[in-house]
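Each remark here refers to the structure printed beneath this line.
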Amino acid sequence: MSPRQVHPIERESYRRLRSRVDTSGMSPLRRAVAERVVHSSADLGYLDDLVLPEEPVLRAAAAALADGAPLVADVEMVAAGITARRALCRVRDAKGDPATGLTRSAAAVRLALAEVGPGAVWVIGCAPTALEELLRLDARPALVIGLPVGFVGAAESKAALRASGLPGVSNISEKGGSAVAAAAANALLYPDLYTDPQFLPEENS
């Protein structure tokens, strides 16, 4: 993948972010994920709220994506926010089952898993039930970006992700959403932005 050109507004946004908080002590991809989440939300509180895996886990996920691993989103807003490549989203094709409590988002996870199998990167930014369903299945993911938002089930589903032992990006609180989930995925798809001197020239002078 050729390096993406960084718009001056984006470069200035990161300059201002880094003028307010020092992230230089973080390892490269952990910093990339954290900063892109903050950049997408203008919420510095994520720096204390995010729970990130160790650097080798993120590097393995980024390498898997570079090698063509499937990328799955829980809703179309998440898929639309992932700019480097197409993400699979089956929520339009899914049907929930009120009699059993199966939500449409959970049904979409089942459909997507049947299509992609193990080794995918899952990006969940809307529905806690999608994350809960993924954890119930034998998905064997390369990484789960679990950042659903909401007052019902969001914090609990993210705690369950952390307890599962699966490689995952999550946060502690109820906040989250499509924009921050997509931002975390984009950080893994564009890791060159965090080593390229043209991104923040003043830090490399």
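The values are calculated or read from the model by the stated rules, or taken from the named source; none is laboratory data. Model, not experiment: these values are computed from the prediction. Neighbour counts run over all protein chains shown; Cβ positions are idealised from the backbone, glycine included. In case anyone asks, the SASA skips ligands and DNA or RNA and just uses the protein heavy atoms, side chains included. Shrake-Rupley method; radii C 1.70, N 1.55, O 1.52, S 1.80 Å.
Miscellaneous remarks
- Highest-first arrangement of 45-52, 32-39, 156-163, where packing means the average Cβ count within 10 Å: 32-39, 156-163, 45-52
- Test item: Cα-centred dipole of the chain, Lys/Arg +1 and Asp/Glu -1 on Cβ, debye: 260 debye
- Charge dipole of the stretch 1-127 about the Cα centre (unit charges at C-beta), most positive-ward option of Gln5, Ala120, Pro70: Gln5
- Other residues with beta-carbon under 10 Å from the beta-carbon of Gly168 carry, at +1 per Lys or Arg and -1 per Asp or Glu, a net charge of +2.
- Sites Thr83 and Ala42 - FRET efficiency at Förster radius 22 Å, r taken between beta-carbons, to 0.05: 0.75
- Each peptide in 75-86, 14-25 receives the mean, over its residues, of other Cβ atoms within 10 Å, and ordering these scores from highest gives 75-86, 14-25.
- Separation between Cα centres of the stretch 122-178 and the stretch 62-77, rounded to whole Å: 15 Å
- Which of Gly25, Ala60, Gly45, positive extreme of dipole for the chain (C-beta unit charges): Ala60
- What a 1.4 Å probe finds exposed on the chain is 55% carbon and sulfur by accessible area, rounded to a whole percent.
- Cβ-based charge dipole, the stretch 82-163, positive-most Cα from Leu137, Val91, Phe151: Val91
- Fluctuation leader among Ile145, Ile172, Ile124 - the chain, Gaussian network, Cα springs under 10 angstrom: Ile172
- Using just its DSSP H runs of length 4 or more, each adding -39500 (n - 2.57), the chain gives a mean residue ellipticity at 222 nm of -13500 deg cm²/dmol after division by all residues.
- Stretch gain in nm, segment Arg136-Thr100, where the contour uses 0.36 nm per residue and the Cα spacing is subtracted: 11.5 nm
- Answer label, with Rg and Dmax of the Cα atoms in Å calculated from the coordinates and candidates [x] 22.2, 84; [y] 16.6, 62; [z] 18.8, 65: [y]
- Radius 14 Å from Cβ of Thr100, net charge of other residues (Lys, Arg +1; Asp, Glu -1): +1
- Å² per residue, accessible surface of the stretch 1-90 at 1.4 Å: 52 Å²
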